[in-house]
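Following: one structure in structure tokens, then a few remarks.
What follows draws every value from the coordinates through simple rules; no lab data is involved. Everything quoted here is computed from the prediction, not taken from an experiment. As a convention, Cβ positions derive from the backbone with ideal geometry for all residues, glycine included, and neighbour counts pool all protein chains shown.
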Number of protein chains: 4
Amino acid sequence: MPILSPEQQAEIEQQRAQTTPTRRATVPALEEILYEAKPVLDHGFVRVIDYMGDDGAIVQAARVSYGKGTKKVSEDAGLIKYLMRHWHSTPFEMCEIKYHVKLPIFVARQWIRHRTANVNEYSARYSILDKEFYIPQPEHVAAQSTENHQGRGAVLPSDQAHRVLDLLREDAERCYRNYQQMMNLDEAGQVADEDQSGLARELARMNLTLNYYTQWYWKTDLHNLMHFLRLRADHHAQFEIRAYADTMMESFKRWVPATYAAFAEYRLGAAHVSATGLAIIRRMIKGEKVTQENSGLSKREWAELMETLGDAAARQAA
Amino acid sequence: MPILSPEQQAEIEQQRAQTTPTRRATVPALEEILYEAKPVLDHGFVRVIDYMGDDGAIVQAARVSYGKGTKKVSEDAGLIKYLMRHWHSTPFEMCEIKYHVKLPIFVARQWIRHRTANVNEYSARYSILDKEFYIPQPEHVAAQSTENHQGRGAVLPSDQAHRVLDLLREDAERCYRNYQQMMNLDEAGQVADEDQSGLARELARMNLTLNYYTQWYWKTDLHNLMHFLRLRADHHAQFEIRAYADTMMESFKRWVPATYAAFAEYRLGAAHVSATGLAIIRRMIKGEKVTQENSGLSKREWAELMETLGDAAARQAA
Amino acid sequence: MPILSPEQQAEIEQQRAQTTPTRRATVPALEEILYEAKPVLDHGFVRVIDYMGDDGAIVQAARVSYGKGTKKVSEDAGLIKYLMRHWHSTPFEMCEIKYHVKLPIFVARQWIRHRTANVNEYSARYSILDKEFYIPQPEHVAAQSTENHQGRGAVLPSDQAHRVLDLLREDAERCYRNYQQMMNLDEAGQVADEDQSGLARELARMNLTLNYYTQWYWKTDLHNLMHFLRLRADHHAQFEIRAYADTMMESFKRWVPATYAAFAEYRLGAAHVSATGLAIIRRMIKGEKVTQENSGLSKREWAELMETLGDAAARQAA
Amino acid sequence: MPILSPEQQAEIEQQRAQTTPTRRATVPALEEILYEAKPVLDHGFVRVIDYMGDDGAIVQAARVSYGKGTKKVSEDAGLIKYLMRHWHSTPFEMCEIKYHVKLPIFVARQWIRHRTANVNEYSARYSILDKEFYIPQPEHVAAQSTENHQGRGAVLPSDQAHRVLDLLREDAERCYRNYQQMMNLDEAGQVADEDQSGLARELARMNLTLNYYTQWYWKTDLHNLMHFLRLRADHHAQFEIRAYADTMMESFKRWVPATYAAFAEYRLGAAHVSATGLAIIRRMIKGEKVTQENSGLSKREWAELMETLGDAAARQAA
């Protein structure tokens, strides 16, 4: 099933067809996908709706300059790396991006915890929600992790997974039918009984399950976008929100490639090492054999450090 | 049914039983109810967990003073009125309050839109939610408003209301049973089949309906609390969140009575009058007969102005 | 003296000369002045550097729409008025604007109190500040107000004003000479003595007076811009920051004219009337003669109400 | 010269002398110094004015608990370490602290860049600033760094340092005399000429230099306090703001000792290592000889990494 109705698709196409000249900084690679709905999960999407600034705008703000700020592309990239490395956040705040996102309510509840952003959500007090709910792919139907209190472990056996999916689907469908019935609507969404009033939408909505889709306009600056992506594209994040973060990462790359490169070097691929962890690394570099027992770290922290240091350390510790 | 378990009640009593001396500003009227769970809706509550500052702290901050700031209570009240009248927000930000709130998820979704606050929510990725869901009282089961796209109108006829309540209850209960079943739990919450894994909590929770209760610690400063109360204790707010705001209003009164008095005068009982509205008032005071037709206002705005001005204006316009 | 150097002017002209096509919402009236430095005070300026969104973007976000959001311009204006009247702030947060501002340090210190904005300031730890300081026009050299503890009263007599201006100028110039001397610079800004080091800039800067100019990039959303303008274009604001707010008001009008119209009606020209003030208005409309003595208001609040209600009320009360 | 007047000292003593019982979490070690002015620089100070919460409150919020949250002190410390290590910020936001700070204006300008805090500053529009300005100790009068564009290098030779200090003192004193004279005040702060008006304070203040002291009430939550301290107690921060951060660090230790321990381990003593840096560490642990030339790092980044890894790495690389 397509994620957009033909009318929605037409509206988007119409908007994409128009261009006007501007004196502002423009990013062709991002313009290319502007307004397009990139599918996420079974009914969701992410669309870039607007943006302000580019890599050059970061440099321009850092220098408080009168003109473009850009000297050479390579110098700009160098300054951006410097700013990222030294955690200078304000120049990155000078770029802004706006998304239109369609997402399950339980994902929206995690997402909204990022407070430094602007949000306009579709109102279920005012409007009726569509019959669209999230059902995971069978390969994502996993058991509670036995190691991590807030995560998933192994995928469930196929038959158990399908029973889960059936339950999810049946409950979502029944709840929607009753949502409509309470509001005096038939299944086609038309008034069922002309002599009756329907329940207020603000009340009826409470009968929907948390996998129903909502949508919002969400706008943030580049610094806060990176903070969001760092947390939500991480493997500790729930798969469903990670799917959104991964899609947004693509638009981030198109928008500010030099910033993305610095982000990959100093955030995504980097690690934060504790005081004790640093002492261990120093001992290992000297050639000393360090084990969890003599490391001063708990088993869990030790395992995390080994993961950070990779094979080399594991071999040395073995 | 009591809103707290005996264990919860005992924990609260134990905490209430202990006092220690402090040099900080203390408010006996608020201490009196500290930690107590004030019931809201059918299973919810609001508890004041901690607070910082009192009316005197506002004065002290406004004066950047070395000592208590307080001269006479009446002088303090006068300064607080002045600050409120002139929208000086920073002195009010110097007081802070922390609540523990139990509330339906659909209410939590409205509440969280207030971004200038600190929140720790009970995690349904980590823990299993209790079987507690909101069912309105029959007298609150109202039809969609015909005037206001996002509000309630008349109460539904009793039989229709009861059908609604039955549907809400049945769907909430079935969804919970299936929530447990997916996680391989029986109705008592015990592992159902020792040979199976249960679905991860972060996935299972999506089968719950939006009237399930969640809970959080929520902390904000007095300025932002007043902003919250002004919007959420207002008659435009949905009844369910208003019930929370009304309960919090009581703790606000106990905490900073002089600020509450100023809030009542300059916010709750006050009105914002548009440029055109002011011109109309001037004409009316001169004795001119103003009607909606010659007012320059739309019907809706005219109605709102008449409501603000009360009988007097309505009579004069009649 | 021009506020920009020829090099700065050339950089700006070069940037203005380039246009690229974009699919984003574009506002020709704002593009017209993009990057231009609008003079403020004696050496300051305000330049619009970038913007995101237009009146249509507010409507689009409020409707969470797939396409442009705009139906007819008149419908959009109606919705914008509705949003403004009912204090819906989030759709206005969907538009963003970025300024480059040159301003005296004492003005910057007031301005920075608006926290919901992004700022990159010219660093006097890193760079040397130019010899540019603010000297008021003689007609703005006013005495301390005798009524308002934090305001200006009558303009000072011409000879006294000129003595003030002379002192300001002499102290600013001497402090700058010594700032240079400490850093081992001559008056042309060249190293004075090759055999000496100069004092660190981060220390030397503390010898400058608060009327020295600094500059920054400042970015905020439309909601917070309106909040800033409402407070800083107000007659209670200090003249010097008001001069900036007035200039920014012009760019606001060009950018989102429908929003500006709503802002004029519901904010700039509107008034907030207290509970007691409303009761007085009701009595006046009934034809009752209300005086300060029987009003329940202090002299000061009464005077403010009379100012709000204009001649009509004053005559009736007389 | 004492940093407080006898009246100020008496006001503080009076406030310290009073205790009242409270049901709130109380921290005796912090109560001990409550309201006391800890001297910073030559005329500045930091005073803790109020606080909310303790280590237990963090645990309580993380668990959304009904009672104290605390089981054993050691379990609490373990959870706090876990939260710190995994960058869970919201539980730390549940504690709040309020300071009264007296500080030079140029320090205040750096400090105010931390936006997530509440501030009430002494108003120089409303009041007259005292004749108190910062003069560094001769051993802090340093040259511009030749390596770091925004820092200090070697201490200046004694005679040059004393010339600097003389200039700073003379200019600050002259500017203050003229500040008074413009406001029609004599040196004792009395009206000089009864027949004249004085210049408005909001204008006169611009004649003061940036080393004049101001003061404010500043309130923030523990998460943002740690962010502030991490940046401002760092050796990259300017010495003068670091002096304040160091003093605040002492109150942080007294207030929430378990949090401080976790902060020392995972923030103060920890390091952030880039992707390339991690690869280098892996090579070094394997015993490979890595030099700046074959490291893939710039000289500057290499030097920073060597500093992080300490002698061990330097020796191996040599």
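Between the amide H of D:ARG152 and those of D:SER145, distances stay under 5 Å, these residues lying 5 or more places away or on another chain, with hydrogens modeled in the peptide plane. For the stretch A:214-256, just say rounded, prolate or oblate: build the C-alpha gyration tensor, square-root its eigenvalues into a ≥ b ≥ c, call rounded for a/c under 1.5, and beyond that prolate if a/b exceeds b/c, oblate if not. Oblate.
In summary, the lysines within cross-link reach of B:LYS72, defined as a Cα separation below 24 angstrom excluding same-chain residues under 8 places away, comprise B:LYS81, B:LYS253, C:LYS299, D:LYS98.
Spatial offset of the stretch D:192-226 relative to the stretch C:132-176 amounts to 17 Å, using the alpha carbon center of each. Across the identical copies, the 7 Å label point of D:HIS88, projected outward along Cα→Cβ, sits 3.5, 3.8, 4.1 nm from its counterparts, in ascending order. Positive end of the dipole of the stretch C:23-137 (Cβ unit charges, origin at the Cα centre): among C:ILE97, C:ILE58, C:THR26, the Cα lying farthest that way belongs to C:ILE58.
With loop membership from DSSP and a limit of 14 other Cβ atoms within 10 Å, the longest segment of chain B without GluC sites (Glu not before Pro) is B:37-146.
Relative to the Cα centre, the charge distribution of the stretch C:15-90, modelled as +1 at Lys and Arg Cβ and -1 at Asp and Glu Cβ, gives a dipole magnitude of about 360 debye. Counting only aspartates and glutamates at least 8 places from B:LYS219 when in the same chain, those with an alpha carbon closer than 15 Å to its own are B:ASP50, B:GLU93, B:GLU96, B:GLU121, D:ASP54, D:GLU93, D:GLU96, D:ASP221. The same position D:SER298 in the other copies lies at 3.9, 5.7, 5.8 nm from this copy, comparing label points 7 Å beyond Cα toward the beta-carbon, shortest first.
Under the convention that each Lys and Arg Cβ holds +1 and each Asp and Glu Cβ holds -1, the size of the dipole of the stretch B:275-317 around its Cα centre is about 160 debye. Between C:GLU75 and B:LYS253, the simple label model (points 7 Å from Cα in the Cβ direction) yields a spacing of 4.6 nm.
Calculated [222 nm] ellipticity per residue, helices only, for the protein assembly as shown: -13500 deg cm²/dmol; basis is -39500 (n - 2.57) per DSSP H run with n ≥ 4, divided by all residues, nearest 500. Using the Cα gyration tensor of chain A, with a ≥ b ≥ c the square roots of its eigenvalues, what is the shape: rounded (a/c below 1.5), prolate (a/b larger than b/c) or oblate (neither)? Note, shape of chain A comes out oblate. The order of A:THR214, C:THR291, going from fewest to most other C-beta atoms within 10 Å of their C-beta, is C:THR291, A:THR214. Nearest to the axis that brings chain D onto chain C is this chain D residue, judged by its Cβ, with the distance in whole Å: D:ARG115, 2. Counted by neighbouring Cβ atoms within 10 Å, the residues A:HIS162, C:HIS114 run from fewest to most as A:HIS162, C:HIS114. Neighbour counts of other Cβ atoms within 10 Å put C:LEU297, B:LEU103 in the fewest-to-most order C:LEU297, B:LEU103. Put a plus charge on the Cβ of each Lys and Arg, a minus charge on the Cβ of each Asp and Glu, and nothing anywhere else: the dipole of chain C about its Cα centre is then about 1740 debye.
Overall form of the stretch B:145-263: oblate. Here a/c, set by the Cα gyration tensor axes a ≥ b ≥ c, is 1.5 or more, and a/b is not larger than b/c.
For A:LYS131, the lysines whose Cα comes closer than 21 Å to its Cα, not counting residues fewer than 8 places off in the same chain, are A:LYS38, A:LYS102. Counting only the backbone N, which residues of the stretch A:159-194 are under 19 Å from the spot 7 Å out from the Cα of B:ASP195 toward its beta-carbon? Label zone hits: A:159-164. With its label point put 7 Å out from Cα toward Cβ, D:PRO21 sits 1.2, 7.9, 8.0 nm from the same residue's point in the other copies, in order from shortest.
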